[in-house]
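Working notes for the structure below.
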Amino acid sequence: MTFPRDNMVYRERHCPPDNEKLYCLIPAPKGYVAPFKWPKSHDFVPNANVPQKSLTSLTVEKAIQNWVHYEGNVFRFSPNRTSPQGADKYIDQLASVIPIAEGKVRTALDTGCGLGEVASLGAYLLRKNVLTMSFAPRDNHEAQVQFALERGVPAYIGVLGSIKLPFPSRVFDMAHCSRCLIPWSGNDGMYMMEVDRVLRPGGYWVLSGPPIGWKIHKGWQRTKEDLRNERRKIEQFAELLCWNYLLSRGLLSQLWDSDPQVCNKPFHEAVPPTFSNPSLHRRIPQAT
């Protein structure tokens, strides 16, 4: 079956025709063993459970990013790849602005992450008593979600495409994107509106990596002008969504909170609908 590439439809989940449906469970990999218990599973995964040793080859794109190392019969995850300064310091930076330690952030959504983030950010946030749901599309690095599950981090194969995320509205205290390759400025802000739907009022959205830091960024085969224009569009959509801009940290990340009280007009007048399902849009009350 083939699907259009617009809006990542080809990476979404689709029901196969009746004659192609599976009626049996998929067996575990040969030699599968019981996963390590927490907290050991934070850093180690048995190779037998995720037989993807090739991911550590220098010929693989993710390997040169130093996400994971193969040692003996286990994979060991690096603590320094969620951000250049390390996952713990990165989360400490977030906690200096977001009240993570105060218990006001209990749930988080890590959007469109890859091999490193999908299996790392959620594990480090769990140490802070924050339960993180991560998702990533199925790509040529097929083991990324399995790595997260083996480490005890909730995750599923998914993508921000043409349909809603499988969550009710206002269930997450924070949403996070670090180099997640989601075109936030595309489709009239459709993806940012979906994040707004699942964020509780007063929740936080953290965007790290390009196009943030466009002045110093080198890579992704994009010009500074292109990155600057995308950042401007993101900031415009954030204003229309009644998100309150909080700060820019080191030119590499930006932070907003979704306070509806800063908005003086209904949401449906501020942003035109782009999804076919009208229930997608969160209603923002008028200021009184």
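The values are calculated or read from the model by the stated rules, or taken from the named source; none is laboratory data. From a predicted model like this one, the values you see are computed outputs, not experimental measurements. A quick note on method: Cβ atoms are made from the backbone with ideal geometry, for glycine too, and the neighbour counts reach across all protein chains shown. Protein only, heavy atoms only, side chains kept; ligands, DNA and RNA dropped before computing areas. Shrake-Rupley method; radii C 1.70, N 1.55, O 1.52, S 1.80 Å.
Could you order PHE77, PHE167, PHE3 so the one with the most accessible surface comes first? Probe is 1.4 Å. If you can, show how the numbers build up before the last one.
Values: PHE77 5, PHE167 35, PHE3 70 Å².
Ranked from most to least accessible, the order is PHE3, PHE167, PHE77.
Which order do you get for ARG5, ARG228 if you rank them by accessible area with a 1.4 Å probe, largest at the top? Kindly include the intermediate steps, with their values, before the conclusion.
On the way: ARG5 165, ARG228 65 Å².
Ranked list, largest accessible area first: ARG5, ARG228.
Go through LYS53/LYS89; LYS128/LYS224; LYS104/LYS164 and tell me which ones have a Cα-Cα distance over 31 Å in this structure. Don't jump to the answer; show the numbers that get you there.
On the way: LYS53/LYS89 29 Å; LYS128/LYS224 36 Å; LYS104/LYS164 26 Å.
The pairs that break the limit, which is 31 Å between Cα atoms, are LYS128/LYS224.
Between LYS30 and ARG5, what's the calculated FRET efficiency when r is the beta-carbon distance and R0 is 35 Å? Round to 0.05. Don't skip to the end; give the middle numbers.
Working: r = 34 Å, r/R0 = 0.98.
Efficiency at R0 = 35 Å is approximately 0.55.
For ASN244, list long-range residues whose amide hydrogen, built 1.01 Å from N in the peptide plane, is under 5 Å from its own amide hydrogen.
Those qualifying (amide H under 5 Å, at least 5 residues apart or on another chain) are ASP257, SER258, ASP259.
Between SER162 and ALA101, what length in nm is gained on full extension when 0.36 nm per residue of separation is reduced by their alpha carbon distance?
Values: separation 61, 0.36 × 61 = 21.96 nm, distance 3.52 nm.
Result: 18.4 nm gained on full extension.
What does the accessible area of ASP226 come to, in Å² to the nearest 10, when a probe of 1.4 Å is used?
70 Å²
Rank PHE75, PHE44, PHE237 by accessible area, highest first, at a 1.4 Å probe radius?
Values: PHE75 0, PHE44 60, PHE237 40 Å².
The ranking, largest first, comes out as PHE44, PHE237, PHE75.
Please report the net charge: other residues with Cβ closer than 15 Å to the Cβ of ILE163, K and R +1, D and E -1. If you can, show how the numbers build up before the last one.
On the way: positive: ARG11, ARG13, LYS164, ARG197; negative: ASP6, GLU12, GLU194.
Once all neighbours under 15 Å are counted, the net charge is +1.
Calculated FRET efficiency, GLU20 and SER169, Cβ-Cβ r, R0 30 Å, to nearest 0.05? Write out the running numbers ahead of the final one.
On the way: r = 34 Å, r/R0 = 1.12.
That gives a FRET efficiency of 0.35.
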